Amino acid sequence: MKAAFEKYIPFVPINLKDRQWPDKAIDRAPIWCSVDLRDGNQALVEPMNLQEKVTFFKLLVDMGFKEIEVGFPSASETEYEILRTLIDQNLIPDDVTIQVLVQAREHLIEKTFEAIRGAKNVIVHFYNSTSALQRKVVFKKDMDGIIDIAVKGARLIRQLAAKADKGTSIRFEYSPESFSGTEVENSVKICAKVMEAIGATKDNKIIINLPSTVQVSSSNHFADQVEYVCRNLPNREAAIISIHPHNDRGTGIADAEFALMAGADRIEGTIFGNGERTGNVDIITLGLNMYTQGVDPRLDFSDINHIKEVYEACTKMKVHERQPYGGELVFTAFSGSHQDAINKGFEYMKDSGTEYWEVPYLPIDPSDIGRQYDPVIRINSQSGKGGAAFIMQQNFGYNLPKAMHPEFGNIVKAEADRTGKELSAQDIMDLFNDEYLKITGPFSLRRHKIEEGGQNGNSFVHFEGSIRKSDEELNIEGEGNGPIDAFFNALNKVGIEGYEFISYHEHAISTGSNAKAVAYIELKRPDGGHVFGVGIESNINIASIKGVLCAINRSLK
C-alpha cells in the first residue's frame, strides 16, 4: 500500500477565487425528494416486495415528502408494478408528485410514458453519464457525443409529454450523472443544451440535478462546482438546482449542506442514508441538523422510533446505534463529566424557565422526536457521581442532595466495576434499596411518641419511645429544639453518641392521600467521616428519625 497510492489521480479544483458560499447560512429547508424506493431499494440485499414498497411510500407521505421517486419503470416489471399499484389504487395524494427515473434512451423513455398513464403529478427524471472517466472508459465518446444523447432524449420527452393525458401534470428533471467527475464547464454546457431542448422557462422550470454520483473531492470543492453552475448556467431562473450526494468519502452531509449554501434549491436523498456502496445522503440527519439551528425542516420527525421501525421492517437494514438522531445510543452519556453536565443542564432549564434548549452534549431535545429522557444517562464503570443521581431523579423521583452524589456514585461505580457491565435504571434502584432502605440493624425504631411544647416563649420537642439493638429493646427519652435534636439526645442517654448532625433534606415521593416523604440525613461519624442515611415514612418526622438510624447503622456496617 505504501507505493500503491501513486496510481490515484487527485481531483483538480476549479478556479473560483471569488466564491460566495462560505459566507452563506442555511436559513430555510430545501425541496426534499426521497429516492428510497429507487436508489435505496436497488441497494438492498433483498429488495422490497410490493407491499413493503407501498408501506414505505405511505411512511414517506406521512413524513411530509411532496416529491418521491418511486422507481425506474422501464428497467423491470417489479419497478413498473409499484408505479401502477400506486396509480391504480389511488394511493398518491393530490399534493404529492411521484418521480420516475429513465436513461436518455428512446425505447426506455417511451415505456416510461406508458407507465405513468393516469398519474396526476409526475416528474420525468432522465439522465446520462457525463464524466471524463465514463466518456473514456464506458461510452468512448467525446463531450459533443454525450451532449447529443441528452438533447435527443430531451426532445423526445418534450414530444411525448405534449401528447400525454391532459389530466397529468408533467415536469422534467435532468441529471448529468457523475457530475462530480465532470469538468464544470462541460456540466454547464450540457445542462444549458438540455434546458433549451426541453423548452424550460421561468414559469415552467426544469430540475437540473447535480449528482455526486461518486465522491471524488472534499466537500468544499463540490460546493465550488455547484456555485459555478448556479452562477454560470444560462437562463438560471428557468432551473431548480437539485443535488444528489452519495457518501463514498463519508462526507455526504457536508456535501449537501455546503451545496445548499452554494445555491442549490433541492436535495435528493434517503432516510437513514441507505443507498449503493456507502449510501445516499441521509435526509433525517440533514433535516434535524437544520432543526438544531432553529430552521423548520418541513418534514415530520416527531416519532423517529416509528420511522425507524418501518424502515427496518421494510428494508431488513439495521439503523446503527450511533446513527445521528435515530440511533439507540445518540441520547445517552456514559462519561461521568458528560452525565454531570447533562444533569446540570436539565436543572438549569427547570430553574431558569428558559425558552431555549440549553442542555450540554444534547444538541436536540429527545422528546421533540418522540424519544424519552430516561435513557439519556447510562451507567457503567466510566460514569461519574452525577449519573446515578440523575437516574434516581428521572426514573424514580428521588432528588438526592448534591453532597450525597459522591457517596452513592461510588457505590454504583463499585458495582459496575464488579460486574464489568452497564447497570440498568432498575439495577441502580436495587442498589439504593439495598444500601439505604433495607438497612435494619443493629438499631431499629420500635415505638415512638413525639410531643411539641413551649414555655416562656421557648419551644421544645419531647421524644419518647424505644429502639431495638440486635435482640435487646432499649427505652429512650429526650428533648430538643426539634424532632431530630430530641432523638439525638435520647440516643446519647443510652450510649449511642459521637455523631454530629450535618445536613437534612426532604421531599415527597408520591402525591395524593398516600403520599410519602423521604428524608436524607447527613451525619459526621465519631471518626470524622461523613455518612448518609435515608428514611421513608408518611410522617416526615418519623422519616427523619429513620434516616438518622439508617446513617448510624451504615456507619457501623
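The values are calculated or read from the model by the stated rules, or taken from the named source; none is laboratory data. As the structure is a computational prediction, the values presented were derived from the model and not from experiment. For neighbour counting, all protein chains shown are included, and Cβ atoms are generated from backbone atoms with ideal geometry for every residue, glycine included.
Tally time: how many residues in the stretch 45-72 are under 20 Å from Leu299 (Cβ atoms) and at pLDDT below 95?
The number of residues fulfilling the criteria is 0.
Grab the strands (runs of 3 or more DSSP E) fully contained in the stretch 415-494, keeping just those with 2 or more residues being among the hydrophobic types (A, V, I, L, M, F, W, C) and closer than 21 Å to Phe532 by Cβ.
Output list reads 443-455.
Looking only at the stretch 336-367, filter to residues that are acidic (Asp, Glu) and surrounded by fewer than 17 Cβ atoms within 10 Å (Cβ to Cβ); which one of those is nearest to Thr292 (Cα to Cα)?
Asp365
Is there any pair with a first residue in the stretch 535-552 that is more than 18 Å from Leu400 (Cα to Cα) and touching a residue at least 24 places away in the same chain (Cβ under 8 Å) and a second that is crowded, with 22+ Cβ neighbours inside 10 Å and among the hydrophobic types (A, V, I, L, M, F, W, C) whose Cβ atoms are under 6 Å apart and which are 6 or more apart or on different chains, and what are they?
Hits for this filter: zero, empty list.
State the number of residues belonging to the stretch 204-237 that are among the aromatic types (Phe, Trp, Tyr) and free of Cβ contacts under 8 Å to residues at least 60 places away in the same chain.
Final tally of qualifying residues: 1.
Name the residue that is farthest from Leu108 (Cα to Cα), counting only residues in the stretch 59-92 that are touching a helix residue (DSSP H, G or I) at 6+ places or on another chain (Cβ under 6 Å) and assigned to a loop (DSSP other than H, G, I, E, B).
Ile92
Which members of the stretch 15-58 meet the condition of being part of a helix (DSSP H, G or I) and β-branched (Val, Ile, Thr)?
Answer for the stretch 15-58, where residues must be part of a helix (DSSP H, G or I) and β-branched (Val, Ile, Thr): Val54, Thr55.
Looking at (1) modelled with pLDDT under 95; (2) over 17 Å from Phe396 (Cβ atoms), which is the only condition Ala515 fails?
(2)
Just a yes or no: is a residue in the stretch 518-529 at pLDDT below 90, basic (Lys, Arg) and either touching a helix residue (DSSP H, G or I) at 6+ places or on another chain (Cβ under 9 Å) or on the phi < 0 side of the Ramachandran plot (or both)?
No, that holds for no residue.
Go through the residues of the stretch 298-315 one by one and say whether even a single one is more than 27 Å from Gly387 (Cα to Cα), in contact with a strand residue (DSSP E or B) (Cβ under 8 Å, 6 or more places away or on another chain) and not hydrophobic (A, V, I, L, M, F, W, C).
Within the stretch 298-315, one or more residues are more than 27 Å from Gly387 (Cα to Cα), in contact with a strand residue (DSSP E or B) (Cβ under 8 Å, 6 or more places away or on another chain) and not hydrophobic (A, V, I, L, M, F, W, C).
Looking at the stretch 205-224 only, could you name the residues that are touching an Asp or Glu at 6+ places or on another chain (Cβ under 6 Å) and hydroxyl-bearing (Ser, Thr, Tyr)?
Ser212, Thr213, Ser219
Okay, residues lined up against (1) surrounded by 12 or more Cβ atoms within 10 Å (Cβ to Cβ); (2) among the charged types (D, E, K, R); (3) touching a residue at least 60 places away in the same chain (Cβ under 8 Å):
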| site | (1), (2), (3) |
| --- | --- |
| Ser459 | no, no, no |
| Ser470 | no, no, no |
| Glu477 | yes, yes, no |
| Phe487 | yes, no, yes |
| Asn492 | yes, no, no |
| Ile496 | yes, no, no |
| Tyr499 | yes, no, no |
| Ser503 | yes, no, yes |
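If we scan the stretch 309-319, do we find a residue that is modelled with pLDDT under 95, of a type outside the set (Asp, Glu), touching an Asp or Glu at 6+ places or on another chain (Cβ under 9 Å) and not assigned by TED's automatic domain parsing to the domain that holds Lys66?
no
Restricting the stretch 211-223 to residues that are assigned to a loop (DSSP other than H, G, I, E, B) and in contact with a strand residue (DSSP E or B) (Cβ under 8 Å, 6 or more places away or on another chain), which is surrounded by the fewest Cβ atoms within 10 Å (Cβ to Cβ)?
Val214
Going by what's in this entry, would Asp248 be described as assigned by TED's automatic domain parsing to the domain that holds Ala197 and either crowded, with 22+ Cβ neighbours inside 10 Å or closer than 20 Å to Phe65 by Cα (or both)?
No, not satisfied.
Of these, Val518, Val534, which one is under 25 Å from Phe408 (Cβ atoms), of a type in the set (A, V, I, L, M), touching a Phe, Trp or Tyr at 6+ places or on another chain (Cβ under 6 Å) and surrounded by 18 or more Cβ atoms within 10 Å (Cβ to Cβ)?
Answer to the check: Val534.
Could you list all residues from the stretch 253-300 that are in contact (Cβ under 8 Å) with a residue 12 or more places away in the chain, farther than 24 Å from Glu177 by Cβ and either aromatic (Phe, Trp, Tyr) or outside any helix (DSSP H, G or I) (or both)?
Result: Tyr291, Gln293, Val295, Asp296, Pro297, Arg298, Leu299, Asp300.
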